[in-house]
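This report concerns only the one structure given below.
The values are calculated or read from the model by the stated rules, or taken from the named source; none is laboratory data. What you see is a predicted model, and the numbers here were worked out from it, not measured in a lab. All Cβ positions, even for glycine, are placed from backbone atoms using ideal geometry, and neighbour counts span all protein chains on display. Note: areas computed on protein heavy atoms with side chains; ligands, DNA, RNA excluded. Shrake-Rupley method; radii C 1.70, N 1.55, O 1.52, S 1.80 Å.
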Amino acid sequence: GAFDRTMRGDVVLFRPPSALDEIIGKMTSSSSTTTTRSNKGATTLNGPSLFVKRVVGLPGDEQIIMDETTNEVTISGTKALGPNRNLCDDEPLKLIDRLLENGRGRNIPVLGPNDVYVLGDCKVLSVDSRVWGTLSKDDIVGKPVARIWPLQRFSSGPF
């Protein structure tokens, strides 16, 4: 599958994990947001969805810990691989803080043989493994070939 070509630091496209369905269900009481599961296991949040994040943790990695003050992630005591994750302006409502308070990926002793840990490049906004926990490598469907947004970061891969 697509994961077989994936290394630490690669940016990947993936179907949102089922744990995100539960989180959205708890946060949303509005009937305008619909969350369904197809027979292939893909999550639909008002239509087909793919997420884009950077793989920072691979199967077998140990001691994945999110610092409660900075929201930075370390793996076995080393800062998670990736670019400066402060690429976005702070979101004034700090909605991500509500998700991180009970995040499933704040402290993971060891990643299972089918699990990866992914982070977005904008930590003040990114809904990622800090929120939903591990991602099954089976949910990875590919890699992006270009970055088109934000425009000042337009580039072609690899990222």
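Please work out which one of (1) modelled with pLDDT under 95; (2) out of contact with any Lys or Arg (no Cβ under 7 Å at 6 or more places or on another chain) is the condition Ser76 fails and give its number.
(1)
A quick yes/no check of all residues on (1) in a loop (DSSP other than H, G, I, E, B); (2) under 18 Å from Asn102 (Cα atoms); (3) at pLDDT 75 or above:
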position: Val124; (1), (2), (3): yes, yes, yes
position: Val127; (1), (2), (3): yes, yes, yes
position: Arg130; (1), (2), (3): no, yes, yes
position: Val141; (1), (2), (3): no, no, yes
position: Pro144; (1), (2), (3): yes, no, yes
position: Trp149; (1), (2), (3): yes, no, no
position: Gln152; (1), (2), (3): no, no, no
position: Pro158; (1), (2), (3): yes, no, no
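Just the residues that are outside any loop (DSSP other than H, G, I, E, B) and among the charged types (D, E, K, R), please, taken from the range 1-26. Spell out the reasoning first.
Let us first name the residues in the range 1-26 that are outside any loop (DSSP other than H, G, I, E, B), namely 2-5, 11-14, 18-26.
Asp4, Arg5, Asp21, Glu22, Lys26 - these are the residues of the range 1-26 that are outside any loop (DSSP other than H, G, I, E, B) and among the charged types (D, E, K, R).
Mind counting the residues in the range 124-136 that are closer than 18 Å to Gly82 by Cβ and open to solvent by 30 Å² or more (accessible area, probe 1.4 Å)?
Looking only at that region, the number is 4.
So how many residues does the range 93-112 have that are modelled with pLDDT of 90 or more, open to solvent by 30 Å² or more (accessible area, probe 1.4 Å), out of contact with any helix residue (DSSP H, G or I) (no Cβ under 9 Å at 6 or more places or on another chain) and of a type outside the set (Val, Ile, Thr)?
Looking only at that region, the number is 2.
Which of (1) within 14 Å of the chain's Cα centre (by Cα); (2) in a loop (DSSP other than H, G, I, E, B); (3) under 24 Å from Lys26 (Cα atoms) is the odd one out, the single condition Tyr117 does not satisfy?
Against the list (1) within 14 Å of the chain's Cα centre (by Cα); (2) in a loop (DSSP other than H, G, I, E, B); (3) under 24 Å from Lys26 (Cα atoms), Tyr117 comes up short only on (2).
Scanning the range 40-73 for residues that are over 14 Å from Arg106 (Cα atoms) and of a type in the set (D, E, K, R), which turns out modelled with the lowest pLDDT?
Applying the filter and picking the extreme gives Lys40.
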